[in-house]
Structures are given as structure tokens and as C-alpha cells.
Amino acid sequence: MSARANGIRCSLSVPIKVSGSTTFAGFNLYGKALGGFSDADKELCQAFAGQASIVVANAQAYFAAFELSRDMAKAMESRSEIEQAKGVLMSTHRIDADTAFDLLRQQSQTTNRKLRDVAADVVNEASAGPDE
Amino acid sequence: MNHLRLEDARRQLGLSTMEVWVDYFALGGTLDAIQLNGYLRGDGDICDADHNVLVHALNEVFLARGHDHPLTYRPL
């Protein structure tokens, strides 16, 4: 059903701009008056769209920070496990930290496993103690 | 120039510098995000050990996408 059939005689569209984003939005108003929107209406609509842009930008910043904190928590876990594995290898082979990482890296590369998983095996094996 | 190849790799993988840094940090890398960004863009050099951590961070993403360690490591 067309807009005219519903009594719509005018419309006003204002973009909601979000800087640095590939997401675009618009604020659309429809009216039944033939005269369209006044300058005051347009200014009000633009002011609203401006505020909406800020809300969207703040929401994006919040979720970006949330995702980063979640990723950092995982990274800290991984890093801790790898440091433990390096310590085990340094002690076992009497090598420095860089060489210990290189051993983990080579094992990861040749087995196509994540270095973190290789490190977890080293730590688990060391913490399991000697076979009975 | 290996650091230029690393920046190409980052772009090819569609990763932000921050995403690369988090992966690098997770593997034990010691540079901060600004230093890593500078290195990726060709600003100076870093030690072989840190370079290899960065290379491995990128290679693990390549591996997850079906490419077998395309970036080369430096000998220690």
C-alpha cells in the first residue's frame, strides 16, 4: 500500500553518521501535512540524529572495550601457561627463555597445533610427576 | 624487508594491529601495542625472539585458515 494511500504527504530523512564505521543509519519522519516540515522541524530532526550518532558511537566504544577485555583475559591465561612451559623446558634442558620458546614454536609448527596447546602438554606432563 | 611482509600478512588476514598485538601478547611477546604497530609499519627493528613470537602469532592465524606457516622465522 502506498504512502499516499495512508495519508502520507511529506517525509524528512536525516543520516545518522557514525565516524569510522561501515554501518550507516537514517532517521526518517513522515507527515500528513502538505506543507512538509518546517525549518524548526528539520533542525530538531538533525539535532536528534546528532545525539543518536553519539549514542551509537558510545555503544560501539563500550562493546569494543568489552571485547578487548575478554580477549585480554584469554591472552593472559595463554601467556601464563606458555611461561610455565618455558620454565619447565629451561629447567629440564638448561636453556634460556628464548630457546625454550623456540622449542615450543618448533613443536607447534611441526605438529600443526597451537603453541598454547603444546605448552599445556608440557606443563601437564611436568605437573603429573614421575611415572609410578 | 621482513617487517613489510609482516604488515602485508596482517592486511591479508584482515586483522587490526590491536588484534595482532593481543595474539602476540598471548604468546609471551614483550612489546607494547604502539611498539608493535611501529615495527609492523617499518619503524626500526626488534630482537629475533620477539620477531619470531610475532611471526608465530600471524602463522597460527594463517594455519587456522588452511595455510601452513607461510611466514619465515629468524634463526636464534
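Distance in nm between label sites at A:LEU12 and A:ASN112, each 7 Å beyond Cα in the beta-carbon direction?
6.1
Helix A:39-93 versus the longest principal axis of chain A: what is the Cα-based angle in degrees, 0 to 90, to the nearest 10?
Orientation of helix A:39-93: about 0 degrees from the principal axis.
Kindly list the residues of the stretch A:53-72 that lie in the label zone of A:ALA25, defined by a backbone N under 11 Å from the point 7 Å along the Cα-to-C-beta vector.
A:53-60
Any idea what the dipole of the protein assembly as shown comes to, in debye rounded to 20, about its Cα centre with Lys/Arg Cβ at +1 and Asp/Glu Cβ at -1? Kindly include the intermediate steps, with their values, before the conclusion.
Working: 20 positive and 27 negative charges, 276 e Å.
In total the dipole reaches around 1320 debye.
Report the semi-axes of the equivalent ellipsoid for the stretch B:2-64 in whole Å, largest first, where each axis is √(5λ) for an eigenvalue λ of the Cα gyration tensor.
In descending order, the three semi-axes are 15, 13, 11 Å.
Provide, as a two-decimal number, the C-alpha radius of gyration of the protein assembly as shown over 2.2 N^0.38 Å, N being how many residues it has. Don't jump to the answer; show the numbers that get you there.
Details: Rg = 26.3 Å, N = 208, 2.2 N^0.38 = 16.7 Å.
Dividing the Cα Rg of the protein assembly as shown by 2.2 N^0.38 Å gives 1.57.
Tell me what chain B gives for mean residue ellipticity at 222 nm when only DSSP H runs of n ≥ 4 count, each as -39,500 (n - 2.57), the sum divided by the residue total, rounded to 500 deg cm²/dmol.
Helices in chain B give a 222 nm mean residue ellipticity of -19000 deg cm²/dmol.
Taking R0 as 41 Å, what FRET efficiency do you get between B:ARG5 and A:ILE54 from their Cβ-Cβ distance, rounded to the nearest 0.05?
0.50
Could I have the simple spin-label model distance between B:GLN35 and A:ASP98, label points 7 Å from Cα toward Cβ, reported in nm to one decimal?
Distance between the two pseudo-spin positions: 1.3 nm.
What full-extension length gain, to one decimal in nm, is calculated for A:ALA40 and A:ALA3 as 0.36 nm per residue of separation minus the Cα-Cα distance? Before the final figure, lay out each step's value.
Numbers: separation 37, 0.36 × 37 = 13.32 nm, distance 2.37 nm.
Residue separation times 0.36 nm, minus the Cα-Cα distance, leaves 10.9 nm.
All of the numbers you see were taken from the coordinates with simple rules; none came from a lab. Just so we're clear, the structure is a prediction, and the values are computed from it rather than from any experiment. All Cβ positions, even for glycine, are placed from backbone atoms using ideal geometry, and neighbour counts span all protein chains on display.
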